[in-house]
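What follows is a structure written as structure tokens; I'll ask about it next.
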Amino acid sequence: MKQLDTSSVFEFMIEKIETGLCAIDENGRVIVYNKKMRELTGESLEQITQRFLSQSLDFNLEQNMLQKVLASGQSYRHVKQTFWNARGEEVTMINDYYAYTLNDGTKIAIQLARDVTQQEFLMDRPLSRYGAPLTFDIITAVSKSMKQVIQQAKIAALGRIPVMLVGESGTGKDMIAEGIHHELQDKNERFITLICRRNEDALLAQIEKYIAEEKNYTFFAERIEFLSSPAQERIIELLETHNVRNHVFIASIGEDPIDLIQQGRLSKNLYYLFSNLTIQVPALRERREDIKPFIDDYFSRRRNDYGMSVIGLAPDVEDIFLSYDWPGNLKELEVLLDDISALLTNEEYVEMTHIPAYFKWKLKQIEPAHTEVEQLFDFSQQELQPLDEYMRKVEDQYISHALQLNDGNISQTAKALGIHRQGLQYRLKRK
């Protein structure tokens, strides 16, 4: 019988999987660096090996973490990292780090990286504009905290003063910025959004072009902390050089400005430029009373623009939406409503059957699952039940576990379970 070459099989698997793999030994030698990781970092095996051997710690987070794992012997899970790779592309990964000892006693550190760049980009995309100027009058906000945000923004517009908007991704900072632009008494020529995660040389060239013109513009620098320190200082120079113009400059950041300054990610001089007015835009979980008005406005536009019949959410679905924490804020809610709307035909209310499987999986992760599992296998505490009913409960738990391991990805989970994608969706819908 022919001997199976397991080493080549494992090499093939490591190169084909969609998880980035990197492992180093206690001497800093890279022993695993697969295709997905090379795609994420934009570096070859030779380049990454040279960096580790030279002890260069100024490129990416994973170097510090891998060496930290080697030194401590501890594992670290769900470490989020956003960086610019060697090809100048912005990448966001969720990393798990593990300490491991080989049979010969060699200690190694392993990094497993999941690429969540597209999900992050989706959450940072501006909310839909619906083809109309986004003024404060059409922003659906009934909470006291958002009314205060709008009031502060109107004061900023009245005085044409620089504004720093602070808040999580997807909270609607871009809406507030555009609202300020339309609230100006002496109107500016254009509202210009500057995406600071992209090529900063092109961004600075764009600012230099417009700021020197005779016309007045409203500049909105989205997530300005992603610019390098020299780029931030260059913006200050440009604003000081052209201070005779009547431009309005607005910037947003995703974290507390003092923390960003301490971390060296936000210029202290740039922050002083905005010291007159910093506006905190609260997360959606802190203003749940704004959820239903946003949904009602969304479906109203769907009825007007597409002739849909949908009125709103069924009571059980509404309860879920009002109690969910919405980590992606308004943008996450809007994306979910987009996905739901794609499934609707003549329905008037959104029922649980219309909720996408990925969102049901998210909800499942919030529920306390340990007690359910313990009860499921504790036969001393339960009466006998029909075998098919019991096996269905076991199957549901196993599917939930598989979804968690695959970050809610339906296709990958179905493949891992050895069933068709449609079969998995059917099982999720019956829950």
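Here are the criteria: (1) exposed (fewer than 15 other Cβ atoms within 10 Å of the Cβ); (2) at pLDDT below 90. Tell me which single one Phe274 does not satisfy.
Unmet for Phe274, out of (1) exposed (fewer than 15 other Cβ atoms within 10 Å of the Cβ); (2) at pLDDT below 90: (1).
Answer yes if at least one residue in the stretch 235-246 is crowded, with 22+ Cβ neighbours inside 10 Å, over 29 Å from Ala283 (Cα atoms) and touching a helix residue (DSSP H, G or I) at 6+ places or on another chain (Cβ under 9 Å), and no otherwise. Reasoning before the result, please.
Here is the first cut: in the stretch 235-246, the ones crowded, with 22+ Cβ neighbours inside 10 Å are 235.
Those left that are additionally over 29 Å from Ala283 (Cα atoms): none.
No.
When residues of the stretch 348-363 are filtered for being of a type in the set (Phe, Trp, Tyr), without any contact (Cβ under 8 Å) to a residue 40 or more places away in the chain and assigned to a helix (DSSP H, G or I), how many remain?
Adding up the residues that qualify gives 1.
Does the stretch 323-346 hold any residues that are charged (D, E, K, R), open to solvent by 50 Å² or more (accessible area, probe 1.4 Å) and in a helix (DSSP H, G or I), and which are they?
Answer for the stretch 323-346, where residues must be charged (D, E, K, R), open to solvent by 50 Å² or more (accessible area, probe 1.4 Å) and in a helix (DSSP H, G or I): Asp338, Asp339.
If we keep just the residues of the stretch 183-201 that are assigned to a helix (DSSP H, G or I) and open to solvent by 60 Å² or more (accessible area, probe 1.4 Å), which is farthest from Val91 (Cα to Cα)?
The extreme case among them is Glu183.
Residue pairs, Cβ under 9 Å, 6 or more apart or interchain, first in the stretch 306-332 and free of Cβ contacts under 8 Å to residues at least 12 places away in the same chain, second in a strand (DSSP E or B) and among the hydroxyl-bearing types (Ser, Thr, Tyr). List them.
These pairs meet every condition: Pro315/Tyr349.
Do the conditions hold for Lys364, that is, is it among the basic types (Lys, Arg), open to solvent by 40 Å² or more (accessible area, probe 1.4 Å), over 30 Å from the mean Cα position of the chain (by Cα) and at pLDDT 70 or above?
So Lys364 fails the test.
Which condition from (1) within 22 Å of Glu90 (Cβ to Cβ); (2) in contact with a strand residue (DSSP E or B) (Cβ under 9 Å, 6 or more places away or on another chain); (3) at pLDDT below 90 is the one that Ile224 breaks?
(3)
Here is a follow-up. Report yes if Leu384 is modelled with pLDDT under 75 and open to solvent by 90 Å² or more (accessible area, probe 1.4 Å), otherwise no. Even if it seems obvious, please write down each step before you answer.
Details: modelled with pLDDT under 75: yes; open to solvent by 90 Å² or more (accessible area, probe 1.4 Å): yes.
Yes: the conditions hold for Leu384.
Would you mention how many residues in the stretch 100-116 are more than 16 Å from Gly28 (Cβ to Cβ), in a loop (DSSP other than H, G, I, E, B) and open to solvent by less than 60 Å² (accessible area, probe 1.4 Å)?
Matching residues across the stretch 100-116 total 2.
Considering (1) open to solvent by less than 60 Å² (accessible area, probe 1.4 Å); (2) more than 17 Å from Phe83 (Cβ to Cβ); (3) not polar (S, T, N, Q), say which one Lys215 fails and leave the rest.
The single condition Lys215 does not satisfy is (1).
Would you please name the residue that is nearest to Asn95 (Cα to Cα), looking only at residues in the stretch 117-128 that are surrounded by fewer than 18 Cβ atoms within 10 Å (Cβ to Cβ) and modelled with pLDDT of 65 or more?
The extreme case among them is Thr117.
Out of all the residues in the stretch 345-361, which are at pLDDT below 90 and among the aliphatic types (A, V, I, L, M)?
The one that is at pLDDT below 90 and among the aliphatic types (A, V, I, L, M): Ala357.
May I pose another question? Just to be sure I understand, how many residues within the stretch 300-317 are touching a Leu at 6+ places or on another chain (Cβ under 8 Å) and modelled with pLDDT under 90?
So the count comes out to 1.
With the checklist (1) more than 28 Å from Ala157 (Cα to Cα); (2) open to solvent by less than 30 Å² (accessible area, probe 1.4 Å); (3) in contact with a Phe, Trp or Tyr (Cβ under 7 Å, 6 or more places away or on another chain) in hand, flag the one item Phe299 doesn't pass.
(3)
Residues that are under 22 Å from Glu11 (Cβ atoms) and at pLDDT 80 or above, at least 3 per element: which helices (runs of 4 or more DSSP H) completely within the stretch 21-84 meet that?
In the stretch 21-84, the matching helices (runs of 4 or more DSSP H) lie at 35-41, 45-53.
Here is a list: Ile258, Ile279, Ile320. Which entry is open to solvent by less than 30 Å² (accessible area, probe 1.4 Å), under 25 Å from the mean Cα position of the chain (by Cα) and either β-branched (Val, Ile, Thr) or modelled with pLDDT under 90 (or both)? Give the derivation first.
On the way: Ile258 fails: open to solvent by less than 30 Å² (accessible area, probe 1.4 Å); Ile320 fails: open to solvent by less than 30 Å² (accessible area, probe 1.4 Å).
On inspection, the qualifying residue turns out to be Ile279.
Right, next: Say we look at the stretch 262-271 and pick out the residues that are surrounded by 14 or more Cβ atoms within 10 Å (Cβ to Cβ) and under 22 Å from the mean Cα position of the chain (by Cα); which of these is farthest from Thr218 (Cα to Cα)?
Among those that are surrounded by 14 or more Cβ atoms within 10 Å (Cβ to Cβ) and under 22 Å from the mean Cα position of the chain (by Cα), it is Arg265.
The values are calculated or read from the model by the stated rules, or taken from the named source; none is laboratory data. Just so it is clear, the model here is predicted, and its values are computed rather than measured. Ideal geometry is used to build each Cβ from the backbone, glycine not excepted, and the neighbour counts take in all protein chains shown. SASA here: full protein model, heavy atoms, side chains in, ligands and nucleic acids out. Shrake-Rupley method; radii C 1.70, N 1.55, O 1.52, S 1.80 Å.
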